[in-house]
Amino acid sequence: MSTLKADAVTAQTTNGNIDITGNGTGKVRLGDGNLIVPDADAAAGQVLTTDGSANLTFAATPGTSGNVLTSNGSAWTSAAAAAGGAWTAMATFDFADSAATDFTFTGMDGSANRAYCLVLSNVASSTTDFQLTWQVGTSGGIITSSDYEYHVSSLKANAGTYASDNSASATSCKMNTTIIGGTTATGYSCALYIHLQDATSFTLAHGTQTFISDSPMTEGGTMVYAVETNSTIDRTKVTSTESLNLGYATLYKLGEA
């Protein structure tokens, strides 16, 4: 076997290629890893893969739409993404179509699905300042006893200060820390995640919110809620001190499997 040692190899003719081939059934090996290069081209779109033993071959690119590419160290495979995590819209309320001071979403079932998310999108009263509160209920109606605990806080962005409110025994949970301004330009938005326990545990909720208060002041903050009840929760309600005529409210069921 002959060995050629050189720092550079240049084609003799201008714009000429450098061809490297094995002799007979011999292969071309490259680099310190002695990677063996295929002798022939492959189909369009195929890629080089290795078997982990320095043998390079062409293979089709896993390209199934929506699938996830994974590698075991020697080959790529394509597989469907794991199930779960899907959001399913259960119901939507459009305040522009039907102004209201409250709305209730039913159909939650903690025995089948414990995670839900209540989303309010730019909800507003076009002329009057307002306050929002949150409650849950059972097939017998909304719970109005002093079983609610809450802590809400917000950052007043214009002033760089904080506002907060809390209660360990309330008949509802306050949503916004300060009064929301009543103009077409001031809306309230939030994502409130609701976790239903079994009938012997608390119902828990937490979320984030943003709104423009009546100062006016741009505010954003958090909500943490607990409902001390042994009842089976199947509904959620939001109440406003004034009629709402802008924005949307949607209840989502969050996939768990």
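The values are calculated or read from the model by the stated rules, or taken from the named source; none is laboratory data. Nothing here was measured: the structure is a model prediction, and the numbers come from that model. Positions of Cβ are generated from backbone atoms using ideal geometry, with glycine treated the same way; all protein chains shown enter the neighbour counts.
Of the strands (runs of 3 or more DSSP E) contained entirely in the stretch 61-153, those carrying at least 3 residues that are modelled with pLDDT under 90 and not aliphatic (A, V, I, L, M) fall at 67-71, 76-80. Just wondering, is there one or more residues in the stretch 161-173 that are β-branched (Val, Ile, Thr), modelled with pLDDT of 95 or more and either under 19 Å from Ser243 (Cβ atoms) or in contact with a Gly (Cβ under 6 Å, 6 or more places away or on another chain) (or both)? Taking every residue of the stretch 161-173 in turn, none turns out to be β-branched (Val, Ile, Thr), modelled with pLDDT of 95 or more and either under 19 Å from Ser243 (Cβ atoms) or in contact with a Gly (Cβ under 6 Å, 6 or more places away or on another chain) (or both). Taken across the stretch 184-205, residues that are in the same structural domain as Phe95 (by TED's automatic domain parsing), buried (at least 18 other Cβ atoms within 10 Å of the Cβ), at pLDDT below 85 and in a loop (DSSP other than H, G, I, E, B) do occur, with at least one present. Screening the stretch 33-51 for residues that are out of contact with any Lys or Arg (no Cβ under 9 Å at 6 or more places or on another chain) and surrounded by 13 or more Cβ atoms within 10 Å (Cβ to Cβ) and picking the one that is farthest from Gly22 (Cα to Cα) gives Gln46.
Selection of the stretch 141-159 for residues being farther than 14 Å from Thr239 by Cβ and over 28 Å from the mean Cα position of the chain (by Cα) yields Ser145, Ser146, Asp147, Asn158, Ala159. Filtering the stretch 154-182 to residues that are in contact with a strand residue (DSSP E or B) (Cβ under 8 Å, 6 or more places away or on another chain) and part of a loop (DSSP other than H, G, I, E, B) leaves Ala157, Asn158, Ala159, Thr171, Ser172, Met175, Asn176, Thr177, Thr178, Ile179, Gly181, Gly182. Applying the set (1) part of a loop (DSSP other than H, G, I, E, B); (2) surrounded by 10 or more Cβ atoms within 10 Å (Cβ to Cβ) to Leu4 leaves exactly one unmet item: (2).
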